[in-house]
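Q: Next up is a structure, given as structure tokens.
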Amino acid sequence: RTHPWLADHAVNHTVLLPGTAFLDLALQAAHHTDTPHLEELTLHTPLTLPDPTPHHLQIRTTTPDTTHHRTLTISSRPEHTTTWTLHATGTLTTPPPA
């Protein structure tokens, strides 16, 4: 209801969150870290929005490893459930040298 444009992204009458929305979420999360470069983003499971049930999104990053890489995950769960579904994973890094 709050984002009617999502209804335009349907496959076989099932509304899906567009892949570019996962990209935007990953870039926004990266912007809030010291590793703002998105090196890779892999989509795993579509986020289906079949009804007006609200969904909780969870975007997590790990601490940087010794090579200054972080792992990013994007998951969701419908309201009133406890099981999270993994939708995307990615790698955040420092910007490459010019």
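The values are calculated or read from the model by the stated rules, or taken from the named source; none is laboratory data. These figures come from a predicted structure and were not determined experimentally. Note that we place each Cβ from the backbone using ideal geometry, even for glycine, and neighbour counts take in every protein chain shown.
Q: What are the pairs with Cβ atoms under 9 angstrom where one residue, in segment 20-42, is polar (S, T, N, Q) and the other, located anywhere, is assigned to a loop (DSSP other than H, G, I, E, B) and surrounded by 15 or more Cβ atoms within 10 Å (Cβ to Cβ)? Sequence gap at least six, or different chains.
A: Here the result reads 33/64; 35/64; 35/69; 35/94, each pair linking segment 20-42 to a residue that is assigned to a loop (DSSP other than H, G, I, E, B) and surrounded by 15 or more Cβ atoms within 10 Å (Cβ to Cβ).
Q: Could you list, in sequence order, the residues of segment 46-60 that are in a loop (DSSP other than H, G, I, E, B) and charged (D, E, K, R)?
A: Within segment 46-60, 51 is the sole residue that qualifies.
Q: Among the residues that make up segment 72-79, is at least one of them within 14 Å of the chain's Cα centre (by Cα) and of a type in the set (Gly, Ala, Ser)?
A: yes
Q: Please count how many residues of segment 29-49 are surrounded by fewer than 11 Cβ atoms within 10 Å (Cβ to Cβ) and touching a strand residue (DSSP E or B) at 6+ places or on another chain (Cβ under 8 Å).
A: Residues meeting the conditions: 1.
Q: Another question about this same structure. Filtering segment 72-88 down to residues that are surrounded by 15 or more Cβ atoms within 10 Å (Cβ to Cβ) and either touching a residue at least 40 places away in the same chain (Cβ under 8 Å) or in contact with a Gly (Cβ under 9 Å, 6 or more places away or on another chain) (or both), which residue is farthest from residue 41 (Cα to Cα)?
A: Applying the filter and picking the extreme gives 85.
Q: For residues that are touching a Phe, Trp or Tyr at 6+ places or on another chain (Cβ under 9 Å) and modelled with pLDDT under 95, tally how many sit in segment 16-57.
A: 2
Q: Just need a number here: residues in segment 61-97 that are assigned to a strand (DSSP E or B) and within 14 Å of residue 34 (Cα to Cα).
A: Number of matching residues: 7.
Q: Could you please let me know if residue 20 is exposed (fewer than 14 other Cβ atoms within 10 Å of the Cβ) and part of a loop (DSSP other than H, G, I, E, B)?
A: no
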